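What follows is a short report on a single structure.
The values are calculated or read from the model by the stated rules, or taken from the named source; none is laboratory data. Bear in mind that the values here come from a model prediction, so they are computed numbers and not experimental data. Heads up, the Cβs are rebuilt from the backbone with ideal geometry, glycines too, and the neighbour counts pull from every protein chain shown.
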Amino acid sequence: MAAKTRPVVVVSRHDEDPPRVLVIYVPLTSENRESEYEVEMPNLSFLRVKGVANVQGIGSLPVKRLERRLGVLPLEAMARIKRALRFVFDLD
């Protein structure tokens, strides 16, 4: 079964000596359901359409599955994703 490539935001910390070679990510999607689990992204030059980060879809994958780096998020967008992750995990 073939799956489409999906852009993601890597949210795991950089670790020089990780116990596993995994990254934790939040998927980006163009479908905005306007929930607290989604963070609207600004217009990003490296994406075809404007979308949201779906923090409810958090996952992990081996680093070798990452195909290429598309770009860097503005600091404010990353801060909003971090706030949404705190909400998801009830860390506030």
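Couple of notes before you dig in:
- Region 35-84, residues that are farther than 12 Å from Pro7 by Cβ and hydrophobic (A, V, I, L, M, F, W, C): Val39, Val55, Ile58, Leu61, Val63, Val72, Leu75, Ala77, Met78, Ala79, Ile81, Ala84
- Matching option when the condition is hydrophobic (A, V, I, L, M, F, W, C) and more than 10 Å from the chain's Cα centre (by Cα), among Val63, Val26, Val8: Val63
- For region 52-70, the criterion of being touching a helix residue (DSSP H, G or I) at 6+ places or on another chain (Cβ under 9 Å), modelled with pLDDT under 95 and loosely packed, with under 10 Cβ neighbours inside 10 Å is met by no residue.
- Number of the exception - Arg86 against (1) charged (D, E, K, R); (2) touching a residue at least 12 places away in the same chain (Cβ under 8 Å); (3) not in a loop (DSSP other than H, G, I, E, B): (2)
- Test set (1) surrounded by 15 or more Cβ atoms within 10 Å (Cβ to Cβ); (2) out of contact with any Pro (no Cβ under 8 Å at 6 or more places or on another chain); (3) not acidic (Asp, Glu) - Pro19 fails condition number: (1)
- Considered as a group, the residues in region 22-40 that are exposed (fewer than 13 other Cβ atoms within 10 Å of the Cβ) and acidic (Asp, Glu) include one that is nearest to Ala79 (Cα to Cα), and that residue is Glu40.
- Qualifying residues in region 32-67 (those that are of a type in the set (A, V, I, L, M) and in a loop (DSSP other than H, G, I, E, B)) - the one nearest to Phe87 (Cα to Cα): Ile58
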